Amino acid sequence: MFFLLKPVRLCLSALAGQSAPQQLSLGLALGILVGLVPKGNLLAIVLGMILAASRVNLGIAAAAIICCSLASPLLDPVSHLIGSWLLNQPSLAAFWTWLYNQPVAPWTAFNNSVVLGSLVTGLLLLYPAHRLSRPVFEKYSTVVGTWIRRFWLTRALMGAEWASRIGAVK
């Protein structure tokens, strides 16, 4: 039961302003990157591990992953065009052959045009998403934080987080 509350607590802590605007904007940018890449390959797992290991807001990142995962099938034709163009470049043929002959690289599914195109699209959107969302988070995180902290559910869930930490120490 309590594991279901953790994502809600992460989102509420993000909305309550307990993260710096830079952590929020980087969480959004990395969430967009992870959300655009098709799942079920080593590349998505590695990107998810990088996201989990970084000091970004995981609530905002999870929301971005969900939204971009739902929207990514609509972007598959564009990703296919980008990936096909990159995979069919004669100047990159030796690099793709070398990369495919590496022990772990085929598990990343980089030779799939949609996976490669989605990765490139996500990497190209990484910096603009961070740069454009940071002023928004700087302006509105304090306003939304004070508004959301008024609700008893927010206070109860934030208190439940401290209670779970105290209860875990024995």
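The stretch between Leu126 and Gln22, if pulled fully straight at 0.36 nm per residue, gains 36.1 nm over its current Cα-Cα span. Legend: P(r) of the range 55-95 from all alpha carbon pair distances, 10 Å bins from 0, whole percents, reading 26, 28, 26, 20, 1.
Site pair Ala71 and Leu86 shows an inter-label distance of 2.0 nm when each label is modelled 7 Å from Cα along Cα→Cβ. Its Cα gyration tensor gives the range 89-134 an equivalent ellipsoid, and the semi-axes of that ellipsoid, as √(5λ) in whole Å with the largest first, are 27, 12, 9. Simple spin-label estimate for Tyr140 and Thr97 gives 5.1 nm between the two label positions (7 Å along the Cα-to-Cβ direction from each Cα).
Since every read-out is calculated from the coordinates, none of them should be taken as a lab result. Since we're looking at a predicted model, the values are computed, not measured. Heads up, the Cβs are rebuilt from the backbone with ideal geometry, glycines too, and the neighbour counts pull from every protein chain shown.
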